[in-house]
Structures are given as C-alpha cells and as structure tokens.
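Chemist: Sharing a structure below in structure tokens format, with a few things to ask.
Any read-out appearing in this document is the output of simple, stated calculations on the displayed coordinates, not a laboratory observation. Quantities reported herein were computed from a predicted structural model and do not represent experimental measurements. Every residue, glycine among them, receives a Cβ derived from its backbone with ideal geometry; neighbour counts consider all protein chains shown.
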Amino acid sequence: MDLPKDPPVHRPRGRPRAFAAKTEQNTIQALDRAMRVLETLARLHEATLTALAQATGDAPATVYRILITLQARDIVEADEARQTWHVGPGAFLIGSGFLRRTSVVERSRPVLRRLMEDSGETANLGIASDDRVLFVSQVETHAPIRAFFPPGTRSDLHASGIGKVLLAHMPAPSRARILAAGLSGYTDRTLTDPTALERELERIRDEGHAIDDEERNLGMRCIAAPVRNAYGETVAGVSVSGPTSRVGRDKVPALADLVMEAGRAISAGLGAPPIPRPDA
C-alpha cells in the first residue's frame with residue numbers, strides 16, 4: 001500500500017523566482033510616486049498641497065490622493081487651519097523598525113544623556129548608510145544656541161566628526177572608493193584633498209577621536225569617537241557638537257576625553273572588547 005507523500009517544503013524566498021534586475025519591471029509606479037511625496041514632505045517638514053506638487057513635479061490632484069491615502073494610515077497629518085501637511089506618527093512607527101535592527105540606539109541613550117550633561121553640549125549618535133552619515137539619535141543641550149542634527153539627517157562622511165571616525169575605521173578598499181569619488185567642499189576648512197584627508201584619518205586612528213573644525217558649518221565644532229560591537233568592528237560614532245564660541249580649541253582635549261569615554265561605554269554595552277586608550 002502506497003503511503004501518501006508529504007507535501008513539498010517550499011523554502012522561504014526574499015524575492016520571487018521570476019525576479020529580474022531591471023527596475024522598470026519591478027517598480028510599482030504609484031508606490032514609488034507616493035514614496036517620493038513622503039520623502040519630499042519629510043525634507044520640507046511642512047508643506048501645502050501646492051508646494052508639494054511643485055516640489056515633486058506631480059499634479060496637485062495626484063498628490064492629494066496620495067496624501068489622503070497616507071493620512072488613512074497616520075503616515076501624514078493635515079493641519080486644517082494652516083492648510084499644511086506634516087509627517088505623521090505612523091511614519092515614525094515604521095521608521096522605528098529600522099532602529100530596532102540594532103541595539104546600539106537603545107544602548108546609547110543613557111550614555112548620550114550623561115555625555116550631554118557632562119559636556120554641556122548636544123550629544124549625537126550616527127552610523128554609516130549609503131556612504132554617508134545617518135544620525136540616529138541625539139540628546140540636545142539646554143543652551144539656547146546649539147547644534148541640531150535630528151534623527152534621519154544625513155551628511156557626507158568627510159565633512160563631519162562622526163563621518164571621519166567611520167571613514168578612519170572603514171576597510172581600506174571602501175575608504176579608497178569613497179575618497180576617489182570626490183570630496184565636496186562646504187567651507188574653506190573642509191578637507192577636499194584625499195591625501196590630506198588620509199593623513200587626518202591616520203591621526204584619528206592613532207588618537208582615538210575626530211574633530212570637525214567648522215568643516216561642515218562655519219561656527220560649529222564637533223568632537224567624535226568610535227563605537228564598536230562585540231566583534232571589535234566600528235558600527236557607529238558618538239559626538240558632541242556646539243558653537244565655536246563655547247567649544248573653543250582649548251576645550252577640545254577635555255571634550256575628546258568625555259566623548260571617547262562615551263564611545264567605550266556604549267561599546268561595552270554592545271559586548272565589545274575593551275577599546276585601548278590612546279595614552280595606554
């Protein structure tokens with residue numbers, strides 16, 4: 001007597017069998033248009049329907065249908081009195097899924113808070129994303145004049161303290177590729193010469209911290225240090241940033257000590273082996 005055969009076991013797939021690399025064959029145009037509207041709204045912080053349509057190049061009626069659809073899921077919100085649109089809490093809930101991919105954000109919060117209190121300046125946490133810095137957490141100082149890099153802000157690696165820390169500890173081939181792609185200048189202090197930047201990155205590896213000395217924004221200075229995971233890999237950077245009127249060059253050594261200690265504390269929370277102190 002033949003026994004019934006078990007049904008075949010299908011291995012879960014990340015993409016269908018018929019997947020092709022051609023974008024035009026796999027992109028849902030309406031969804032792509034909606035994402036463009038959402039990204040534009042996030043960049044503008046708030047916008048009228050007319051402003052959004054102008055910024056995206058889509059017809060106002062199309063943008064309105066997209067906004068109404070997103071509003072139904074709380075991804076955007078409307079201010080009826082001002083006739084403007086904003087990113088809603090539903091977008092935050094979706095975005096927080098990205099932050100949950102790693103415990104570095106959660107582990108860093110008490111350390112960032114302590115760093116802000118000890119330094120008196122804004123404390124930041126950033127990671128590398130698409131060859132740029134992505135700021136994922138921040139604790140703002142209470143001072144009226146302060147640096148502000150809200151979560152989601154991106155910056156070029158070579159023109160920020162955290163970015164230079166990440167560059168310094170990046171595998172050499174990846175670092176060479178980024179440097180060869182060209183380095184944009186933002187102020188007269190930005191390091192746009194690859195040879196000069198390589199010398200600075202070597203100093204960062206030797207001394208354990210990076211300095212953004214008005215290289216992204218005039219009048220702002222930043223000190224950053226690496227954060228490592230359980231494998232000893234640099235997965236993030238921590239920094240303090242503030243106006244040069246408070247963060248003078250004479251304060252850099254003391255602030256660097258605080259930031260490097262914060263980097264060691266977050267790293268320890270991730271199970272990293274002890275980070276050698278530069279003066280050890």
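Chemist: What is region 172-263 by shape, rounded, prolate or oblate, if you read a ≥ b ≥ c off the alpha carbon gyration tensor as root eigenvalues and call it rounded for a/c under 1.5, prolate for a/b larger than b/c, and oblate otherwise?
Modeler: Because a/c hits 1.5 or more and a/b fails to exceed b/c, region 172-263 counts as oblate.
Chemist: Could you list which residues have their amide H under 5 Å from that of Val76, counting only those 5 or more apart in sequence or on another chain, with H placed in the peptide plane?
Modeler: Gln71, Gly88
Chemist: I'd like the Karplus ³J(HN,Hα) series for region 76-87: coefficients 6.51, -1.76, 1.60, θ = phi - 60°, whole numbers in Hz, and an x wherever there's a Gly or Pro.
Modeler: 10, 10, 10, 9, 4, 5, 8, 6, 10, 10, 9, 5
Chemist: Which loop-located trypsin sites (Lys or Arg not before Pro) does region 74-174 contain, where loop means any DSSP state but H, G, I, E or B and the Cβ has at most 13 other Cβ atoms within 10 Å?
Modeler: Arg82, Arg100, Arg101
Chemist: While we're here: Counting only helical runs of four or more DSSP H residues, what would the 222 nm mean residue ellipticity of the chain come to if each run contributes -39,500 (n - 2.57) and the total is spread over all its residues?
Modeler: -13000 deg cm²/dmol
Chemist: Please identify every one of the trypsin sites (Lys or Arg not before Pro) in region 184-277 that sits in a loop by DSSP and has no more than 10 other beta carbons within 10 Å of its own beta carbon.
Modeler: Passing both the DSSP loop test and the Cβ count: no residue.
Chemist: Most mobile of Ala78, Ala181, Ala143 per a Gaussian network model of the chain (Cα springs, under 10 Å)?
Modeler: Of Ala78, Ala181, Ala143, the Gaussian network model singles out Ala181 as fluctuating most.
Chemist: Each residue of region 190-196 in order: what ³J(HN,Hα) in whole Hz does its phi give by Karplus 6.51 cos²θ - 1.76 cosθ + 1.60, θ = phi - 60°, with x for Gly and Pro?
Modeler: 5, 7, 10, 8, x, 5, 5
Chemist: For region 102-269, just say rounded, prolate or oblate: build the C-alpha gyration tensor, square-root its eigenvalues into a ≥ b ≥ c, call rounded for a/c under 1.5, and beyond that prolate if a/b exceeds b/c, oblate if not.
Modeler: oblate
Chemist: Moving on. Using modelled amide H (1.01 Å from N, peptide plane; none on Pro or chain starts), what sits under 5 Å from the amide H of Ser137, excluding residues fewer than 5 places away?
Modeler: Answer set, sorted by chain and number: Leu125.
Chemist: Specify the inter-centroid distance of region 166-198 and region 202-280, based on alpha-carbon positions, in whole Å.
Modeler: Result: 18 Å between the Cα centres.
Chemist: Out of region 209-260, which GluC sites (Glu not before Pro) are coil in DSSP terms and have no more than 14 other C-beta atoms within 10 Å?
Modeler: Within region 209-260, the qualifying GluC sites (Glu not before Pro) (loop, at most 14 other Cβ atoms within 10 Å) are Glu233.
Chemist: Something else: For region 232-242, what does the Karplus curve 6.51 cos²θ - 1.76 cosθ + 1.60, with θ = phi - 60°, yield as ³J(HN,Hα) per residue in whole Hz, taken in order and with x for Gly and Pro?
Modeler: x, 8, 6, 10, 6, x, 10, 8, 10, 9, x
Chemist: Right, something else. If exposed means no more than 13 neighbouring beta carbons inside 10 Å and the site is in a DSSP loop, what's the longest run of the chain without any exposed chymotrypsin sites (Phe, Trp or Tyr not before Pro)?
Modeler: 20-147
Chemist: Phe92 versus Gln29, label points 7 Å from Cα toward the beta carbon: distance in nm?
Modeler: It is 3.6 nm.
Chemist: Can you work out the FRET efficiency for the pair Thr244 and His45, with r the C-beta to C-beta distance and R0 = 30 Å, to the nearest 0.05?
Modeler: It comes to 0.65.
Chemist: Another one. Springs between alpha-carbon atoms under 10 Å, Gaussian network over the chain: tell me which of Leu167, Leu258, Leu93 tops the mean-square fluctuations.
Modeler: Looking only at Leu167, Leu258, Leu93, the largest GNM fluctuation is found for Leu93.
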